1. So which residues in region 135-158 are surrounded by fewer than 24 Cβ atoms within 10 Å (Cβ to Cβ) and either within 16 Å of the ligand (Cβ to nearest atom) or among the aromatic types (Phe, Trp, Tyr) (or both)?
2. Quick check on Arg60: is it at pLDDT 95 or above, surrounded by fewer than 17 Cβ atoms within 10 Å (Cβ to Cβ) and not in a helix (DSSP H, G or I)?
3. One residue is enough: does region 350-362 have a residue meeting the conditions under 21 Å from Gly310 (Cα atoms), over 16 Å from the mean Cα position of the chain (by Cα) and among the β-branched types (Val, Ile, Thr)?
4. Mind telling me which of the residues Glu171, Glu217 ends up being charged (D, E, K, R), under 22 Å from the mean Cα position of the chain (by Cα), more than 16 Å from the ligand (Cβ to nearest atom) and crowded, with 19+ Cβ neighbours inside 10 Å?
5. What pairs come out if I take residues in region 257-272 that are over 16 Å from Lys229 (Cα atoms) and at pLDDT below 95 and pair them with residues that are of a type in the set (Gly, Ala, Ser) and crowded, with 20+ Cβ neighbours inside 10 Å whose C-beta lies under 9 Å away, six or more apart or interchain?
6. Please tell me if Leu12 is in contact (Cβ under 8 Å) with a residue 12 or more places away in the chain, in a helix (DSSP H, G or I) and on the phi < 0 side of the Ramachandran plot.
7. Hey, any hits in region 179-187 for a residue that's more than 16 Å from the ligand (Cβ to nearest atom), surrounded by fewer than 23 Cβ atoms within 10 Å (Cβ to Cβ) and among the aliphatic types (A, V, I, L, M)?
Amino acid sequence: MSAYINKILEDLKKDHQPIFLQAATEVLLSLEPILKAEKKYQDHSVLERLILPEKSTIFRVVWLDDQNKARANLGYRVQFNSALGPYKGGLRFHPSVNLDILKFLGFEQIFKNSLTGLMIGGAKGGSNFDPKNKSEAEIMRFCQAFMVELSKIIGDTIDVPAGDIGVGGREIGYLFGAYKKLKGFYDGTLTGKGLKWGGSLVRTEATGYGCVYFANEMLKKANQGLEGKICAVSGSGNVAIYTIEKLHQLGAKAVTISDSSGFVYDKEGIDLALLKEIKELKRGRVGDYARAKKGAKFISTSEYKSGTNGVWSVPCDGAFPSATQNELGLEDIKLLYKNGCRFVAEGANMPSTLEAIEFMLSKKDFYFAPAKAANAGGVATSQLEMQQNASMTQWSFEKVDRKLQDIMRDIFTVSYESAKEFKNEGNLLVGANIAGFRKVADAMIEQGYI
Ligand code: GLU
């Protein structure tokens, strides 16, 4: 590790933020070749500036539960970097949310958004509010209370939030309704909107579809394809569902889904219609799927032991971690590899630990598609939604899907080529980080010290 990077990481450690530190370590270490080749980044203190959010806002959210009792949560928006365009990134509602998690997500978002080739800066926000077991009315009241503060700092050329874990179409609807009422005008702030009121076709499917398009490009480069491949998928939210849909369309077979209660192994292949009914209509759990589908097995989280029996213990050709950060550790990847898995495409943000990544990159016969490249299809399609809103039009499903495919192909190409340029051929993590960084860093230099 160079002395420059080492010093920055050591300084960061003083802040005691383990998850952000993990994300920063992954990025910074892979920037070593470009920092060595181009002195200007160090001369202009680009890293020192890039690792600090431009602005973080923390606010109180007070809402009434169904018993008319006042409840209070923390709300956040980390506006990390605006060198390439208005801040852009999702909102996460989950009890684990804190400033550390949102800084990691916002930091990742900078490079991911840069890789899309579109004009968007990086941000992330959310709350430690837990949507689980809340009534529809409680969710609505929470979203409205959250927007009272958030509306003061967002706008269609300022900061455009979207969904993430715990924030889907329903929540975006309530958030948008409150935004419109508070502001007194109608604009494209917030993406992932309903199709009847400014949303884009394909936005719902985009992260999952995009991840599979990316995996396909990666396999094509290795003279392989997805046809006939058995795939383990974790999660059962939006990313997982549309990863499975696209895998099946391309002739692969997804055999697992999971949530915090456990995972389901359905050797016959996940029944997508049943999964959508349970998750999208009934807002149920994966255990409901196993009860409804003959032959599907449910293994509860209480029985889980890393590297032995989790979702990553099923035999497969490829894995699509699509749930949350650090869900795939060293023991898991070793087991996957032993059972025949030869590629991972990350649908979630930072689902693999640093040790798991190191293992994957050390294997000559293994292909690794890192999150910030592989799951960029969601935010890219959000930006396509912004384009449609700005011109007051709506494009067809085919047109958006074609653009999404082109964007994912371009992200693969720029990541692959950047890795090659800096003598790390095949290492898409290094390639994606360098390509994402280069654009933001150059913009920061050109825009001066502000
Ligand atoms: N939350 C998604 C992500 O992690 C989408 C963000 C967006 O569409 O702004 O990229």
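1. The initial filter retains those residues of region 135-158 that are surrounded by fewer than 24 Cβ atoms within 10 Å (Cβ to Cβ), namely 135-141, 144-145, 148-149, 151-158.
Within region 135-158, Ile153, Ile154, Gly155, Asp156, Thr157, Ile158 qualify.
2. yes
3. yes
4. That would be Glu217, the only listed residue that is charged (D, E, K, R), under 22 Å from the mean Cα position of the chain (by Cα), more than 16 Å from the ligand (Cβ to nearest atom) and crowded, with 19+ Cβ neighbours inside 10 Å.
5. Matching pairs, first to second residue: Ser260/Ala323.
6. Against the criterion (in contact (Cβ under 8 Å) with a residue 12 or more places away in the chain, in a helix (DSSP H, G or I) and on the phi < 0 side of the Ramachandran plot), Leu12 qualifies.
7. Among the residues of region 179-187, at least one is more than 16 Å from the ligand (Cβ to nearest atom), surrounded by fewer than 23 Cβ atoms within 10 Å (Cβ to Cβ) and among the aliphatic types (A, V, I, L, M), which makes the answer yes.
To keep it simple, each residue is scored yes or no on (1) small (Gly, Ala, Ser); (2) within 16 Å of the ligand (Cβ to nearest atom).
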| residue | (1), (2) |
| --- | --- |
| Val160 | no, yes |
| Gly194 | yes, yes |
| Gly210 | yes, yes |
| Val255 | no, no |
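The values are calculated or read from the model by the stated rules, or taken from the named source; none is laboratory data. For clarity, every value in this text was computed on a predicted model and none was experimentally measured. Because the Cβ atoms are built from the backbone with ideal geometry, glycine has one as well, and the counts that use them run over all protein chains shown.
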